[in-house]
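Single-structure report; data block below.
Just so you know, all these numbers are worked out from the coordinates, no wet-lab data involved. Since the model is a prediction, treat every value here as computed from it, not as a measurement. Cβ placement follows ideal geometry from the backbone for every residue including glycine, while neighbour counts extend to all protein chains displayed.
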């Protein structure tokens with residue numbers, strides 16, 4: 001990530017993108033704005049944002065579909081939803097599509113800046129950490145964001161990658177849903193536990209076809225990454 005993180009703000013209200021852009025530039029961020037889904041997706045490869053602030057209600061394609069495409073085209077790019085859609089179902093949907101945080105309007109600019117910094121801290125690689133994680137036949141390259149099992153490359157979304165990384169860093173330890181939520185999503189609202197279950201299921205579907213199950217459920221406690229031979 002550059003010295004001045006790049007933020008792509010996607011919202012159809014120009015007055016709002018102007019206000020957010022002004023506040024973020026004051027905080028030393030580089031800012032690009034888009035008012036449609038099409039413009040946002042075109043800006044993605046050109047601007048290469050470190051984070052996308054994304055509204056759900058856009059005039060051409062909804063923000064959930066934009067988040068899905070971002071996860072497919074740029075899986076390491078975090079997404080912070082900023083929207084008037086405040087239902088729990090919307091929040092769960094946003095996070096399960098790869099969103100890293102979910103804020104509702106009205107909001108304070110101070111909180112938005114704080115949330116952006118928190119997401120960037122969670123998603124950027126610490127230069128003091130190992131660049132490669134290995135457990136059993138599972139390998140994770142933190143420079144290229146590539147994950148392989150038994151030599152076969154696995155295609156993971158940004159959130160799947162972060163969840164697997166947390167499990168690998170705590171291999172053989174039982175992690176509760178609350179711990180996983182705190183470290184992977186850092187977000188708290190009723191119903192969040194469903195997000196953990198859904199993403200554990202996603203990871204299992206991608207990991208299990210190439211070898212013995214590695215993610216185990218410890219009923220009543222949480223989940224554990226463990227090789228059956230350990």
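Tell me yes or no: at least one residue of the stretch 117-135 is touching a residue at least 24 places away in the same chain (Cβ under 8 Å), assigned to a helix (DSSP H, G or I), at negative phi and surrounded by 20 or more Cβ atoms within 10 Å (Cβ to Cβ).
yes
Among the residues of the stretch 78-87, are any in contact with a helix residue (DSSP H, G or I) (Cβ under 8 Å, 6 or more places away or on another chain) and more than 20 Å from residue 17 (Cβ to Cβ)?
no
Which residues, counting only those in the stretch 80-105, are buried (at least 19 other Cβ atoms within 10 Å of the Cβ), touching a strand residue (DSSP E or B) at 6+ places or on another chain (Cβ under 7 Å) and part of a loop (DSSP other than H, G, I, E, B)?
Matches in the stretch 80-105: 98, 99, 100.
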